[in-house]
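Below is one structure, written out as structure tokens; comments come after it.
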Amino acid sequence: MGFRSFAVSRFPAALSGLSGLRVVTPPAEPTAAEAASFDALLHLLHYLPKADIKRVRDAYKFADEAHLGQFRASGEPYITHPIAVAGICAGWRLDAQAIMAALMHDAMEDCGITKTELIERFEAPTAELVDGLTKLDKLQFSTKEESQAESFRKMLLAMARDVRVILIKLADRLHNMRTMDAMAPIKRRRIARETLDIYAPIAHRLGLNQIYRELQERSFSHIHPWRHSALTKAIAKARGNRRDLVSRIESDVLKAFSESEVKVEVQGREKTVYSIYQKMRDKHLSFAQVSDIFGFRIVVHDLPQCYLSLGVLHQLYKPQPGRFKDYIAIPKPNGYQSLHTTLVSPLGTPVEFQIRTEAMHLVAETGVAAHWLYKNTGEKLGPQSAQQLGSRWLQSLIDIQDETRDANEFLEHVKIDLFPDAVYVFTPKSKIMALPRGATPVDFAYAIHSDVGDHCVAAQINGEPVPLRTELRSGDVIEIVTATGARPNPAWLSFVRTGRARSKIRHFLKNLEQDESRDLGEKMLSQALRAEGLALPSLDDDVDADALLWQQLARWAGNRNIDDLLVEIGLGRKIATIVAKKMARLLADQGQKPDAVMLTMGRYVNDDAPSQGQVLLDGSEGASVRLAACCRPIPGDEIKGYLGRGEGLLVHTAECAVGRKLFQRDSEHWIAVSWADELTRPFEAAVSLLLNNGKGVLAQVAQAVSSAEADITHIQMSDESQHRETAEMNLLLSVRDRLHLADVLRTLKRSPAVLRVWRVKPSGP
């Protein structure tokens, strides 16, 4: 990977059976008129039937008319670009529909052509391909980044349905990168950065290594032109210095294979400028320290000869221990197959050899495109073809999309999955799985099944229990322990590596938050309605009158259904009092009158806050209710609730200075809240202590807290305290209520080490 061919020596006629499948490239440097004509493409379409060529010609005429009068930044007619893109696709022997879509890929975006017109002229499959390639610039987005992310999502989902979409898009991006010199430097750098971050990794993920290397190389030359130029000169100089060594190795290798009567093709390989730059940057090396600039590729006729060739090479030169990799037995995630071995050359420098069959070589260079290159030969790519492995990854995009509504988040997941390297691990039943480097047992669990990931509680690697954040290594045997009541932990998001795991965890947590917000919204609406003297109508669909009432209310509020309305009330996006008053009017239209007793009870509400009905807190509210970190309210404190816009209910103590300022600025969003009589969990209180600094102080404090039946959840002590007679310590204590806290503080005061102890509260305004 990261190599380009610099020399090709003798290749026996017996191995040239697939020579007709070589990727065809357009003639060099055609004139503007030639490049704009259909003849520039025609000679590349010899593999298509005449009827298909006629359809492609019709598409060319349509595109030519649509782009008439349009010119590229270089001054060439715009139609030269679609023709060049179609030419690259023809090099992969894509079918007529794909070539037609390549010719018209900008027609909808730049020429105002509609999808309906394309369906009428060229049928639905071609129109779908063009539509998948069309950006979403015509829609309104709040930011350019959001527009770009949504366009990527559209293209990637179209690609998941039909891989030809991304092949055409990569051909489009490749030609743009080849012809960017006429653009402004800032625009060149922006496009090159986007190519390096998104399109080159996609090409690599789909096994399109030729395009992957060229996109990387051209992006690097535009982002860092000086570095690219300096390295190019250094490589040219090194090439001259090592010419004799390369010739000697090639001669020795050919002689060894001639004696063993194994027919091979020997190709010289040279690391690309960008891959050398990456190695220098990642490993902090100088150019002189990069030893594997040159290497060799051995192409043989069939699979057994790969391993036979390995033996020949190991007899010729000594192999370096630990530098052999068998990607034939265990292919890379993008379908790449080869044997890699590093040998010590006659001058003592390491030289890498890759050994593969011609079929493996074609898949290694063209990835999923090899599917079309092989179509007319009757040969098969094997069970681990890049086409199948690529489609597996494409299917995972659809799975991620189902759980990710936000386009930027979707793009983030895709970027995570475009990993350059992989580790290979085993299930307990010896099934092999490829995961990105840095993956953890949680990634492994989600790769098996989402249910396994959701209920994962522990893991064993090679029979030994390990933390869930442990990085996996190639060859590990992973066993996941699950529990029925377990659920994803938000902390997992800090260490998982795969987009699938990340999207599944986020999806679960979002649904959990939605459920909790809905329950809170229902409780708030019920209590606000009680203040109007009315009871909450049944949410059961079986009650027709109530179901109709809820539909009317949801329609009035602008929500799709009542669940969405209750979630928005719980998240503070809608005020429960206003919704309750509307419902009261709807109930009045049905003839229901307020209940006098309920109405009287509803009036006894704290006058300091607008009446929305009082919410009772018992600690079971979950993510939809948060206790403010500034004042850390506990049961027994007088409290108020702030319905932040889209943030759920935030609870402050009545005396909190931060809460008071917020109340003065936005009083409409405050509601009455109080503690329930029965509480389901302990609460955290912040406490500070002034201590006699000495040995065993921390143990004395912990002993005092424990004897008062409380727990320490967090402890902090300044470094400066080590050198003073007194020290200040800050604790977070888990207590039942205010009375329990008072008991803990009394116990701490009796400790000999404690000079003073107090509860931390926000300072006044």
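Structure above, values below:
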read-out	value
Ordering of 483-493, 432-442 by burial proxy (mean other Cβ atoms within 10 Å per residue, highest first)	432-442, 483-493
Per-peptide average of other Cβ atoms within 10 Å, ordering 700-710, 355-365, 49-59 highest first	355-365, 700-710, 49-59
Förster-model FRET efficiency, 45 Å R0, Arg681 and Gln551, C-beta, rounded to 0.05	0.75
Stokes-Einstein D in µm²/s, Kirkwood radius over Cα pairs - region 683-759 at 25 °C with 0.890 mPa s viscosity	199
Cβ-Cβ FRET estimate between Glu250 and Gln278, R0 fixed at 30 Å, reported to 0.05	0.65
Pairs from Lys54/Lys115; Lys510/Lys582; Lys50/Lys271; Lys255/Lys283 whose Cα-Cα separation, in the structure shown, is over 32 Å	Lys50/Lys271; Lys255/Lys283
Where labels lie 7 Å past Cα in the beta-carbon direction, separation of Ala702 and Arg660 in nm	3.9
Footprinting exposure proxy for Trp556, Trp226 (fewest neighbouring C-beta atoms within 10 Å first)	Trp226, Trp556
Extension gain (nm, one decimal) between Gln592 and Ala51, 0.36 nm per residue minus Cα-Cα	187.4 nm
FRET efficiency, Leu316 to Asp737 (Cβ-Cβ, R0 51 Å, nearest 0.05)	0.05
Full-stretch length increase - Arg626, Lys237 - with 0.36 nm per residue and alpha-carbon distance subtracted	133.5 nm
Convex hull volume per residue for region 663-725, taking Cα atoms only, in Å³	168
Karplus (6.51, -1.76, 1.60) ³J(HN,Hα), θ = phi - 60°, over region 530-536, in Hz, Gly and Pro reported as x	5, 5, 8, x, 10, 9, 5
Cβ-based exposure ranking for Lys61, Lys504, in which fewest neighbours within 10 Å come first	Lys61, Lys504
Ranked packing of 631-640, 584-593, 198-207, most packed first, by mean Cβ within 10 Å	198-207, 631-640, 584-593
Residues Tyr47, Tyr60, Tyr212, sorted so that the one with the fewest Cβ neighbours within 10 Å comes first	Tyr47, Tyr60, Tyr212
Net lengthening on full extension, Asn462/Gln289 (0.36 nm per residue, minus Cα-Cα)	58.6 nm
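Bear in mind that the values in this text are calculations on the coordinates, not laboratory data. Computed from a predicted structure; not experimentally measured. When we count neighbours, we look across all protein chains shown, and the Cβ atoms used for this are built from the backbone with ideal geometry, even at glycine.
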